[in-house]
Amino acid sequence: MSSPTSKTLTGVWTGMYTYPNSGEPIFFTASLLESGSLVTGTTHETCATIDSPKRTLYALVSGSRGEGYVVFTKEYDGTGGWDHSVEYDGVLNGEATEIEGHWNINGLLAGRFMMMRNPGKEVSVERRVLEKV
């Protein structure tokens, strides 16, 4: 049985998204913090475009979580020339360890994404902090 702590989205997530008609996934890392139903955080990923390959792209995340779903906006900070926002909506699994859904850029471009994390990481980090107190 999961503890309430393991149900929060707070933690480090590994994700990937795909562009339409492309088999190559783009991988990213997200650090999320959930407070009530609000979700905030950051992401970073390696740019996959030809004009700025291997450049790290950074973004801020803000959104919300409901029962079984997550919606958020990823706002790139301008590094690598990327300064647009991307809307995400996904379905959350029962253990709060996977999110799968769709991303959309102003209705012009859309694709799929998936995020995963180790279910025990947040609990073990919290336990170590409490043991030090």
Margin query: Just to verify a result, which residue in the stretch 65-76, among those that are among the hydroxyl-bearing types (Ser, Thr, Tyr) and either within 12 Å of the chain's Cα centre (by Cα) or closer than 16 Å to residue 17 by Cβ (or both), is modelled with the highest pLDDT?
Written below: 73
Check: Restricting attention to the stretch 104-119, and to residues there that are open to solvent by 80 Å² or more (accessible area, probe 1.4 Å) and part of a strand (DSSP E or B), which single residue is farthest from residue 26 (Cα to Cα)?
Finding: 116
Next item on the list: All but one of (1) of a type in the set (A, V, I, L, M); (2) over 19 Å from residue 34 (Cβ atoms); (3) open to solvent by less than 50 Å² (accessible area, probe 1.4 Å) hold for residue 59, so report the exception by its number.
Entry: (2)
Next item on the list: Could you grab me the full set of residues in the stretch 92-103 that are in contact with a helix residue (DSSP H, G or I) (Cβ under 9 Å, 6 or more places away or on another chain) and surrounded by 15 or more Cβ atoms within 10 Å (Cβ to Cβ)?
Entry: 96, 97
Notebook entry, point to check: Which numbered condition trips up residue 89, out of (1) open to solvent by 30 Å² or more (accessible area, probe 1.4 Å); (2) under 18 Å from residue 111 (Cβ atoms); (3) at pLDDT below 90?
Noted result: (3)
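If a residue must be small (Gly, Ala, Ser) and at pLDDT below 90, how many such residues does the stretch 1-59 contain?
Of the residues in the stretch 1-59, 7 are small (Gly, Ala, Ser) and at pLDDT below 90.
The values are calculated or read from the model by the stated rules, or taken from the named source; none is laboratory data. It should be emphasised that the depicted structure is a prediction, and the values quoted were computed from it without experimental measurement. When we count neighbours, we look across all protein chains shown, and the Cβ atoms used for this are built from the backbone with ideal geometry, even at glycine. The area values use the complete protein model at the heavy-atom level, side chains included, leaving out ligands, DNA and RNA. Shrake-Rupley method; radii C 1.70, N 1.55, O 1.52, S 1.80 Å.
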